[in-house]
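Data first, discussion second: the structure below is written as structure tokens.
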Amino acid sequence: EGELGPLLTGERLLLNLVQALCCVATLTRRYVDAVAGTGVRILDTRKTVPGLRLLQKYAVRTGGGHNHRFGLDDGVLIKDHHVAACGSVRAAVERARQAVPMGLRIEVECDRLDQIGDALAGGADLILLDNMRPYQVRAARKLVGQRALLEVSGGVTLDTVRALAEAGPDFISVGRLTLSAPAI
């Protein structure tokens with residue numbers, strides 16, 4: 001019960017929010033279904049609509065996906081600018097390992113296969129393969145074996161996700177799940 005204006009205003013806001021979250025869950029389910037049987041987990045990213053992170057990440061889980069990180073303090077992601085500042089991939093990983101609490105995962109973004117050995121030598125827990133094609137992911141899996149987890153990210157679409165999954169990563173992260181899920 002209440003005044004009609006505020007009730008209708010609140011109704012529209014809630015309907016729009018529920019629709020947006022349904023879009024995230026539905027798109028996530030499409031990606032999860034596309035990789036069914038491969039053992040690969042579909043992950044979201046930290047790319048969320050401001051103020052809606054918790055709700056969007058819940059919608060990803062509802063769609064069958066998994067949450068990557070909620071914030072910067074949930075793990076270390078070493079990117080090219082960190083490598084440049086430290087002089088090498090290995091040095092960046094070793095420096096991070098010394099600075100973070102035991103058990104915090106260190107992930108290295110590699111956009112070239114020749115960076116993987118250095119990341120492993122430094123003790124990376126996870127290698128993020130950025131914008132790589134399936135044949136590169138297969139090569140990376142051979143290089144890494146089971147010494148680290150492999151994540152594929154960058155430019156992943158419903159048309160490409162199955163081939164990437166069949167190439168052998170552990171995870172595929174998809175920013176568009178929360179950043180640009182289409183209306184349903």
| Dmax and Rg, reported as Rg then Dmax, of the chain (C-alpha, Å) | 18.9, 66
| note | So T157 and L4, fully extended at 0.36 nm per residue minus their Cα-Cα distance, gain in nm 50.7 nm
| query | What is the distance, in nm, between label points placed 7 Å from the Cα along the Cα-to-Cβ direction at A121 and at K79? | reply | 2.5
| task | Keeping all protein chains in place, calculate the accessible area per residue for the stretch 36-184 (probe 1.4 angstrom), answer in Å². | result | 52
| request: Report, in degrees rounded to the nearest 10, the 0 to 90 angle that the Cα long axis of helix 53-62 makes with the longest principal axis of the chain. | output: 90
| field | Helix 134-144 vs. the chain, principal-axis angle (Cα, 0 to 90°, nearest 10) | value | 50
| message | Once neighbouring chains are kept in place and the probe is 1.4 Å, which whole percent of the accessible area of the chain is contributed by carbon and sulfur? | response | 55
| said: Where in the chain is the longest stretch that carries no GluC sites (Glu not before Pro) classed as loop by DSSP and with at most 16 other Cβ atoms within 10 Å? | reply: 4-184
| Which residue fluctuates the most in the chain, going by a Gaussian network model with Cα springs under 10 Å, if the choices are A148, A20, A99? | A99
| task | Return the ratio Rg/(2.2 N^0.38 Å) for the stretch 1-58, where Rg is computed over Cα atoms only. | result | 1.55
| request: Name the most mobile residue of L27, L15, L164, meaning the one with the largest mean-square fluctuation, in a Gaussian network model of the chain with Cα contacts below 10 Å. | output: L15
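The values are calculated or read from the model by the stated rules, or taken from the named source; none is laboratory data. Computed from a prediction, not measured in an experiment: that's the story for all the values here. All Cβ positions, even for glycine, are placed from backbone atoms using ideal geometry, and neighbour counts span all protein chains on display. Remember, those area values only see protein heavy atoms, side chains included, never the ligands or the DNA or RNA. Shrake-Rupley method; radii C 1.70, N 1.55, O 1.52, S 1.80 Å.
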